[in-house]
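Please treat every number below as a calculation from the coordinates, not as lab data. Everything numeric here is computed off the predicted structure, so don't read it as measured data. Note that each Cβ is placed from the backbone with ideal geometry, even for glycine, and that neighbours are counted across all protein chains shown.
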């Protein structure tokens, strides 16, 4: 798989909406929000697809000095999903999971305008979340979702700073290669890649110094992998 080098600061303040300034901007203006451009979502995938996103809501991410204290990753994820859903189809599914509790999970549901109503409910830190730093439980739920949709090309996207408290993090990392589909790890606020992941998954590093839209583009890239005519803005 390809290695990504995108970067995100969910901590940056929102930018004002910028109008199109060039031919390229005009072509993708429908994907612009908060001063950043995503790209063109293209057309619905010719094969059934399933995108599963897992969010780390631990204190090291959401705390006042964490890697995403304002939870902008959720606003950007909503933007990426919404842009694709506008041209989505019932055979394209999406699911959202959280480290902390299955109470905040949604999916798989069709990635359409109607499906976005359900997905939007999960695009926040779950109410009453205790801030778990364990990836293992949500990873097992993601595997179950993928197994329940065997005809769908599955992609797993994980948003985390990788400061895990699983009993054996190395085993969890190694287990990612057993996922029945592609795996894209979006690393928040860290440039350290565990040796167990080297060459096994696609990786995007997102840092506080990155401009708004980095998280959205990382998710958007995985969402449009199988969609003809799509492209991701750079």
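Below are the figures for this structure:
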{"read-out": "Peptides ranked, highest mean first, by Cβ atoms within 10 Å: ranges 145-157, 215-227", "value": "215-227, 145-157"}
{"read-out": "Taking all pairs of distinct alpha-carbon atoms in segment 140-225, Kirkwood radius in angstrom", "value": "13.9"}
{"read-out": "Beta bridges by DSSP in segment 33-232, antiparallel share as percent, to the nearest 5", "value": "20"}
{"read-out": "Cα shape, segment 33-232, gyration tensor, a/c 1.5 rule", "value": "rounded"}
{"read-out": "Reciprocal mean inverse distance between Cα atoms of segment 124-180 - Kirkwood radius, Å", "value": "12.7"}
{"read-out": "Dmax and Rg, reported as Rg then Dmax, of segment 50-124 (C-alpha, Å)", "value": "12.7, 40"}
{"read-out": "Stretchable slack from residue 168 to residue 124, in nm (0.36 nm times residue separation minus alpha-carbon distance)", "value": "13.1 nm"}
{"read-out": "Global form of segment 162-205, assessed from the alpha-carbon gyration tensor, a/c cut-off 1.5", "value": "oblate"}
